[in-house]
Amino acid sequence: TETETVCDSMSWNNTAYTASGDYTYSHTDANGCTQVDTLHLTLYNTNHTVETETVCDSMSWNGITYTVTGNYTYSHIDANGCTQVDTLHLTVYNTNHTAETETACDSLLWNGTTYTANGDYTYNHTDANGCTHVDTLHLTVNHSSTGIEDITACNSFVWHGTEYTESTNTPIYVYANT
């Protein structure tokens, strides 16, 4: 009589066993007598888990942080003393953090908001993969200036390429800084 505790399967007298139970083996011994051997088998099946995950940037699994898409395995001994191998199918989407530097006259419309002052601004949004992106704007705003000139002339006056021959209330000339 033989008593065995094993993981997953056992080969006994050229037969593979994959379930717990009592098994017998009959054979003729060296003296020509029939001998019956008995196997009391306790078999523990290992539990192989498979996990599929999709994450943003990184994931911690069994104490290890993963940052790259791939298939990973983790081997450990279960409560019955059997080696268990777990598998992780991981997809990692990396978030993009963009930064842009802009110079504007008076104001700038950026992601639906109008900015009129110098500063660093952020915009948080979720991409198609469900990951949060933080974009940064480094903004310099140059403000327009106005000037008033009081001019008195006889008959006509040329101002910024335009000739004026009569008094007007407010001729305006708009120019851009280059």
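The values are calculated or read from the model by the stated rules, or taken from the named source; none is laboratory data. Quick caveat: nothing in here was measured; it's all calculated off a predicted structure. We place every Cβ from the backbone using ideal geometry, glycine too, and count neighbours over all the protein chains shown. Accessible surface is based on the protein model in full, side chains and every heavy atom, while ligands, DNA and RNA are left aside. Shrake-Rupley method; radii C 1.70, N 1.55, O 1.52, S 1.80 Å.
Listed values for segment 108-125 are Karplus-derived 3J(HN,Hα) couplings in whole Hz (6.51 cos²θ - 1.76 cosθ + 1.60, θ = phi - 60°), namely 9, 8, 9, 6, x, 10, 8, 10, 10, 10, 4, x, 10, 10, 10, 9, 9, 8, and x replaces Gly and Pro.
For T69, the residues 5 or more places off, or on other chains, whose built amide H falls under 5 Å of its own are V92.
Rounded to the nearest whole Hz, the Karplus-based 3J(HN,Hα) values (6.51 cos²θ - 1.76 cosθ + 1.60, θ = phi - 60°) of segment 53-69 follow the sequence 9, 10, 9, 9, 6, 6, 8, 9, 9, 6, x, 10, 9, 10, 10, 10, 4, with x at glycine and proline.
Assigning unit charges at the beta carbon (Lys, Arg +1; Asp, Glu -1) and nothing else, what dipole magnitude in debye, to the nearest 20, does segment 18-167 show about its Cα centre?
Charge dipole of segment 18-167: 520 debye, to the nearest 20.
Pair-distance distribution P(r) for the chain, from all Cα-Cα distances in 5 Å bins starting at 0: 1, 6, 9, 7, 6, 6, 6, 6, 6, 5, 5, 4, 4, 4, 4, 3, 3, 3, 2, 2, 2, 2, 1, 1, 1, 1, 1, 0, 0, 0 percent. One way to sum up the overall shape of segment 89-170 is the equivalent ellipsoid from its Cα gyration tensor, whose semi-axes run 52, 11, 9 Å, largest first. Per residue, the solvent-accessible area of the chain (1.4 Å probe, heavy atoms of protein chains only, all protein chains present) comes to 72 Å².
Amide H to amide H, with H built 1.01 Å from N, T95 comes under 5 Å of D57, counting only residues 5 or more places away or on other chains. Taking θ as phi - 60° and the Karplus parameters 6.51, -1.76 and 1.60, the scalar couplings of segment 20-27 work out to 5, x, 10, 10, 10, 9, 9, 7 Hz in sequence order, x denoting glycine and proline. Seen from L139, the other residues with C-beta closer than 11 Å to its C-beta sum to a net charge of -3, counting Lys and Arg as +1 and Asp and Glu as -1.
Within the chain, C33, C105, C154 have no other Cys Cβ under 4.7 Å of their Cβ and so lack a disulfide-compatible partner by this rule. Amide H to amide H distances under 5 Å link C7 with Y44, where only residues 5 or more positions off or on other chains count and H is placed in the peptide plane.
Where does the charge balance sit around Y115 when Lys and Arg score +1, Asp and Glu -1, over other residues with C-beta under 12 Å from its C-beta? Around Y115, the surrounding residues sum to -3. The GNM of the chain, with springs linking C-alpha atoms under 10 angstrom apart, assigns the highest mean-square fluctuation among G63, G119, G161 to G161.
Summing charges over neighbours of S26, with a neighbour being any other residue whose Cβ is under 15 Å away from its Cβ, gives -4 when K and R count +1 and D and E count -1.
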